[in-house]
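Just so you know, all these numbers are worked out from the coordinates, no wet-lab data involved. Note that this is a predicted model, so its numbers are computed, not measured. Ideal geometry is used to build each Cβ from the backbone, glycine not excepted, and the neighbour counts take in all protein chains shown.
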Amino acid sequence: MQTLYPVLDFGNLTQSGIEDILRTYNINLTADEASLIQNHILKRPPTLAECYLWSIQGSEHCSYKSSRKYLKTLPTQGPHVISGAKEDAGIVSVASDHQGKRYGIAVSHESHNHPSQIVPYEGAATGIGGNIRDVCCMGAEVIALADGLRFGSLSEQNTHRIYEGVIGGVGGYGNAAGIPNIAGDVYFDAAYNDNCLVTVVTLGVVAEEDVIHSHAPKNAEQHVYILVGKATDNSGFGGASFASADLVVENQAQNKGAVQEPDAFLKRHLLKANYALFDKLGKLGVKHQTGFKDLGAGGIACAAVELADAAGYGAYVDLDKVPRGMENLPAHVLLCSETQERFMWVVPPDLVDMILVHYNEAFELPSMSHNACAAVVGGIRNDGQFVVSTQGNTLIDARACDITQGIVYDRPCEARVASGQEPNLPDEDLNALLLKLLAHENIASRQPILETYDKQVQGRTHIEAGEADAGLLMPFDEDKYPEEIRKTGIALSLDQNPRFNAIDAYWGAVNAVVESARNIVATGATPLSISDCLCFGSPEKPQQMWDFKESIRGIVDACHAIGLKDHPGFPLPVISGNVSFYNETINQAIPPSPMIACLGSMPDGRQAISSHLQRTDSLLILIGERKDECGGSAWYQQHQQLGVNVPKPDLSHLAAELHALTDAIQQGLILSAHDISDGGVAVALAEMSFRQEIGFTVNIPSDLSAAKTLFSESGGFVLELSAEKLPVFEQLLTERKLPFWTIGRTTAEKRLRMQGSIDLPLPLAKTQWEQGLKEKLL
């Protein structure tokens, strides 16, 4: 074929010779992969552009080449799943109107780790931007954000720099785009000194009949591609392949070019334009004739080939028709750049003029940003080939399915043998210990972070982040939705404890899923689905691949144990997520980090409860036996110990426990609820007391020492009940054979009294908690 760029013939070269060429052109392929592409896939020498495309589309980030085998074991379907984990966002039904029309919540969950480590503000902001696009392109209105963040030790100055940039990027982009941030979690740990984690969840709302899919529709033989948004520049070129390699400090300046440049105000305008077009297409009854996809990893190339191949087609792209934001862009950069704020439509020819006028004239894209517009750049082919041309020359000519398939690996695994032992800690003053824990950066108030985010924009937020164990929205509270669904509430929580995962990848993953579900339940919502960002070190190292395999097994077991309350026999489905490997440097890899988000719903969001004590002279109820499970606890961390006995939830009784509590809350039996996690039951109780400054006295039945009883992080709940509600509550739990303990009462006296070993003034404890993180960030 005629080519504008050189053909890279690897046929007669040694491995080192191939590596020299790949290094010269900065192509992120191995020598074996380059040979495979030439000898078995294309069966000819590849062009330079094809090598770049395979390095991106065939990366871990895009093709899941090392993880696909295990991802297939995750449960992804259920009666309420409208769209599973195979498109840009998953969708679950959360409400139905009187005509049986289902309304869904779209969920996207992704990471932007490497970019945020190198350029924190831009990395975090573009992570938010890409996630928003994933949800919007399903035909959904974007309604909420959440973030799961992991930073290094606060004793490191670089951690402060990265933290400030990331928080600024998340808040700066989300606020400007007009989307509330309703949930999240943050940990600081030395294991993330060289590899921060920035994971983002975005929610959208869409009726099932209005869903637009991220693939070409049926009978799309004549469909064309319309590129919409910012003019393409060189920002973000190679971002996907950069995210699929170890971070090397010496390459930081070079890697900055792989980070995209955000424009939240343009995104906000594009969202409005998209929503208005959704309405037009709906009124015309032609949504089913279209497909819509965001431009993220791999830019134009990956969006075009994925839209086509997912429907069994090929595609063509004419680069001469792509609007450019700068002159003299090499063709492969124009093709694969990850310039932000772009979408791609695939539509029938008779809709093209209307769509071009909509964006370019009605919404005046060219006036919003230099050369921004909507433009036809290609279309569908019926022969399965993906062909890219410019100036009469062919750059890419390959089977679309070969490109999207990538190169699949079956990596070797080697079991990681647990090391360490349970520490023998000296006796200590438990009053002083509780105060230290309340001030710990992983327990103290998150207000320094939350005050950066807009939590009420759009007016749907019913419970803000920090007010309960999960954030809660009422997404259908507008007149355009049927009256019978307007009270519906949806809850969102994120969770993962890196210290549990450092000890045991399987139980760490189980705990991440269970804890996230417990947070949902503590507000009164029923878990409907989870999403996962699976962040790990190098898959090329057998022990780290073992950690990944074990984490997947833990997620699967936990999802089956929790199940679906209204559909017995179905596991909790995983509807969205991604895999992020190579989160390591020459110094260390991160601990296994399966970052889990749980989405739940309740018929009436007004029944949701917070984690703050409401009254004096209420009963305090404990669900969850205290066990010698202090491994990975904040208490052990105070003594620079890790331990080995991580919490091991009883999966056989988990569903009954969670479903009983949602019933109790929705029946109005519970005044407040808080799950037991970091810092154990002592910290949970203290946190419940601070908002209304209500004291308590408790004594917990236990054969353990007072310290282990109070600070073990065995899961469970602390509940506040009025005494008159106890008989109904007791009957509800007895019917389900669930034990519980009445451990004390709330008091008008502002003191925290526990186990006869702790007696603290509430204002003192509250000050420690409020100032703990704030002081460490100074």
Review point. Looking at the square roots a ≥ b ≥ c of the eigenvalues of the Cα gyration tensor of segment 268-391, which shape do they give, rounded for a/c under 1.5, prolate if a/b is larger than b/c, or oblate?
Key: oblate
Revision key, fill the gap. Of the residues 690, 622, 739, the Cα lying farthest along the dipole of segment 609-778 towards its positive end, which is defined by charges on the beta carbon of Lys, Arg, Asp and Glu, belongs to 690
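What number comes out for the charge environment of residue 384, summing +1 per Lys or Arg and -1 per Asp or Glu over other residues with Cβ under 11 Å away? Let's see the in-between values first.
On the way: positive: 381, 399; negative: 309, 383, 402.
Taking every other residue near residue 384 into account, the sum is -1.
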Study note, to complete from the structure: Labelled set [x] 196; [y] 171; [z] 149; volume of the Cα convex hull per residue in Å³ computed from this model equals the value at [z]
Review point. What pairs from 230/455; 72/737; 280/455; 455/549; 487/776 go past 32 Å between their alpha carbons?
Key: 72/737; 455/549; 487/776
Exercise for review: If a/c stays under 1.5 just call it rounded; otherwise compare a/b with b/c (prolate if a/b is bigger, oblate if not). Do that for segment 609-778, with a ≥ b ≥ c from the square roots of the Cα gyration tensor eigenvalues.
Suggested key: oblate
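For residue 9 and residue 446, compute 0.36 nm times the residue count separating them, minus their Cα-Cα distance, and round to one decimal in nm. It would help to have the intermediate numbers written out before the result.
Numbers: separation 437, 0.36 × 437 = 157.32 nm, distance 5.53 nm.
Going from the current span to full extension adds 151.8 nm.
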Revision key, fill the gap. Net charge (Lys, Arg +1; Asp, Glu -1) of residues whose beta-carbon lies under 13 Å from that of residue 362, residue 362 excluded, is -2
Point to revise | Set 65/321; 565/725; 101/725 screened for pairs whose C-alpha atoms are more than 28 Å apart | key: 65/321; 101/725
Practice item. May I ask you to derive the FRET efficiency for residue 158 and residue 704 from their Cβ-Cβ distance with R0 = 41 Å, giving the value to the nearest 0.05? Key: 0.55
Exercise for review: Mind checking which of 639, 613, 760 is farthest towards the positive end of segment 609-778's charge dipole, using Cβ charges of +1 (Lys, Arg) and -1 (Asp, Glu) about the Cα centre?
Suggested key: 760
Review point. Simple spin-label model, 7 Å along Cα-to-Cβ: residue 487 to residue 722 in nm?
Key: 1.8 nm
Point to revise | Dipole magnitude (debye, nearest 20) for the chain, charges at Cβ of Lys, Arg, Asp, Glu | key: 600 debye
Practice item. With a point put 7 Å past each Cα toward its Cβ, work out how far residue 767 is from residue 628 in nm, to one decimal. Key: 3.9 nm
Revision key, fill the gap. In the chain, taking the dipole from +1 charges on Lys and Arg beta carbons and -1 charges on Asp and Glu beta carbons about the Cα centre, the listed residue (521, 681, 302) farthest towards the positive end is 521
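Once the piece of chain linking residue 417 and residue 265 is laid out straight, how much longer is it, given 0.36 nm per residue of separation minus the C-alpha distance between them? Show your work: numbers first, answer last.
Values: separation 152, 0.36 × 152 = 54.72 nm, distance 5.01 nm.
That works out to 49.7 nm of additional length.
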Practice item. Treat each spin label as a single point 7 Å out from the Cα along the C-beta direction, and report the residue 477 to residue 745 distance in nm. Key: 3.6 nm
Study note, to complete from the structure: Rounded to the nearest 500, the 222 nm mean residue ellipticity computed for the chain from DSSP H runs (n ≥ 4, each -39500 (n - 2.57)) alone is -9500 deg cm²/dmol
**Study point:** About the Cα centre, charge dipole magnitude for segment 268-319 (Lys/Arg +1, Asp/Glu -1 at Cβ), debye
**Key:** 380 debye
Check your understanding: Based on the Cβ-Cβ distance from residue 693 to residue 588, what FRET efficiency comes out when R0 is 35 Å, to the nearest 0.05?
Key -> 0.25
**Study point:** Estimated dipole of segment 609-778 in Debye, rounded to 20 [Cβ of Lys and Arg +1, of Asp and Glu -1, Cα centre]
**Key:** 280 debye
**Study point:** Cα shape, segment 12-107, gyration tensor, a/c 1.5 rule
**Key:** prolate
Point to revise | Backbone N under 12 Å from the residue 644 label point (7 Å along Cα→Cβ), restricted to segment 401-433 | key: 417-423
